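As structure tokens, the structure follows; a few thoughts come after it.
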Amino acid sequence: MNRLVIKNLKKKFNNTWALEGLNLQLNQGEIFVLLGPNGAGKTTTLKLIAGLLRPTEGEIVIEGTNLNDDPIKAKSYLGYVPDEPFIYNKLTGREFINFVAGIYNVSKQNYETRLTELMETFDIGTWVDELSESYSHGMKQRVIMCQLLLHNPNLVLIDEPLVGLDPKTSKTVRELFVRLKEEGKTLFISTHTLSFAREVATKIGIINRGELKFIGDIEELSRISGKKDIEDIYLKLSADNGIV
Ligand SMILES: Nc1ncnc2c1ncn2[C@@H]1O[C@H](COP(=O)(O)OP(=O)(O)OP(=O)(O)O)[C@@H](O)[C@H]1O
Ligand SMILES: [Mg+2]
């Protein structure tokens, strides 16, 4: 069974099509990185999979469950990080994590073990018990990463994971993504950071104006473009295909 199947996914906002028929299949142990210019449809795609937007047309099936038919079950398999990390200001980091764990029905025993593990991974200090309104952007991002992984999701959706992270945390996140892949998880990540795509992606997609223009691993994209460096590959494919 595929972990994620997207069939002919379309999204129209008012009179403009943000997504014009996206098809994609992902299996376990894949890291899919979606690249593309501003306004191409990356965030829209992730929000549709996370169930935050309803498709105008098309289907999304997660672990064999159609998101439209059984949204609660389909969403129980996924974890999502939006492009703007959000934590309620008047909650502490720990309260926020606890709140999300409750939504996903994480058992008390799993909660304690996994939280300790994740807090160590992301180097989260005693500030986790302070109100999140006092957090820097990167501190919020780290708490968000903990709540993302606490319920052990099979499908992890992340919109721009590296923005605002310091170099050390950014390395931690890259290593963690590779470890999750090795554990058989599936990651769907949107980013503008090409070096990150080169380093972690098993599959790269390039989207422009709501259409997936290319999909393949780095070797395939390199062959099609005749370039080696990820930035040259991206720019060559963009220039040849009117991607702006
Ligand atoms: N809520 C909305 N209402 C109207 N139009 C929207 C809405 N959300 C997105 N759009 C439009 O859909 C298109 C795709 O936007 P989206 O946010 O998916 O792009 P993106 O690829 O994530 O861009 P970026 O790289 O800047 O994050 C854009 O034309 C945008 O203006
Ligand atoms: Mg976006």
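The values are calculated or read from the model by the stated rules, or taken from the named source; none is laboratory data. All values derive from a computational prediction rather than experimental measurement. Here the Cβ positions follow ideal geometry from the backbone for every residue, glycine too, while neighbour counts run over all protein chains shown. Only protein heavy atoms, including side chains, enter the accessible area calculation; ligands, DNA and RNA are left aside. Shrake-Rupley method; radii C 1.70, N 1.55, O 1.52, S 1.80 Å.
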Task: Karplus-derived 3J(HN,Hα), 6.51/-1.76/1.60, for each residue of region 215-225, Hz, glycine and proline x - done: 8, x, 7, 4, 5, 5, 5, 5, 5, 4, 8
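Convex hull over the Cα atoms of the chain, averaged projected area in nm²? Present the calculation step by step, with values, prior to reporting the outcome.
Numbers: hull surface 53.7 nm².
Mean shadow area of the hull around the Cα atoms is 13.4 nm².
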- [ ] Using only C-alpha positions, report the orientation-averaged shadow area of the convex hull of region 1-138, nm², one decimal.
- [x] 10.3 nm²
Task: Per residue Cα convex hull volume in Å³ - calculated over region 89-152 - done: 72 Å³
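Accessible area, 1.4 Å probe, largest first: how do Arg142, Arg209, Arg179, Arg3 sort? Intermediate values should be presented prior to the final figure.
Values: Arg142 40, Arg209 150, Arg179 120, Arg3 20 Å².
Highest to lowest solvent-accessible surface, that is Arg209, Arg179, Arg142, Arg3.
Averaged per residue, what accessible area in Å² does region 89-152 show with a 1.4 Å probe, protein chains only? Provide the component values of the computation, followed by the final result.
Working: 3380 Å² over 64 residues.
In whole numbers, region 89-152 has 53 Å² accessible per residue.
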Task: Across Lys10/Lys47; Lys181/Lys203; Lys203/Lys227; Lys108/Lys168; Lys7/Lys140, pairs whose alpha-carbon gap is larger than 23 Å - done: Lys108/Lys168; Lys7/Lys140
Task: Relative contact order, percent, the chain [alpha-carbon distance under 8 Å, six or more residues apart] - done: 26 percent
- [ ] Please list the non-local residues whose amide H lies under 5 Å from the amide H of Phe214, H modeled 1.01 Å from N, same-chain partners needing a gap of 5 or more.
- [x] Ile206
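Please give the charge dipole size of the chain, origin at the Cα centre, charges +1 on K and R Cβ atoms and -1 on D and E Cβ atoms. Round to the nearest 20 debye. Write out the running numbers ahead of the final one.
Working: 30 positive and 32 negative charges, 90 e Å.
Magnitude of the dipole: close to 440 debye.
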- [ ] Determine ³J(HN,Hα), in whole Hz, for all residues of region 62-70 in sequence, where each value follows from phi through the Karplus function 6.51 cos²θ - 1.76 cosθ + 1.60 and θ = phi - 60°; x replaces Gly and Pro.
- [x] 10, 6, x, 9, 6, 4, 6, 7, 9
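Kindly give the semi-axes, whole Å and largest first, of the ellipsoid equivalent to region 160-244, taking each as the square root of 5 times a Cα gyration tensor eigenvalue. Show your work: numbers first, answer last.
Numbers: eigenvalues 114, 40, 31 Å².
In descending order the semi-axes read 24, 14, 13 Å.
Expressed as a rounded percentage, what relative contact order does region 26-79 have, with Cα pairs under 8 Å and six or more residues apart?
On the way: 34 pairs, mean separation 10.9, N = 54.
Relative contact order of region 26-79: 20 percent.
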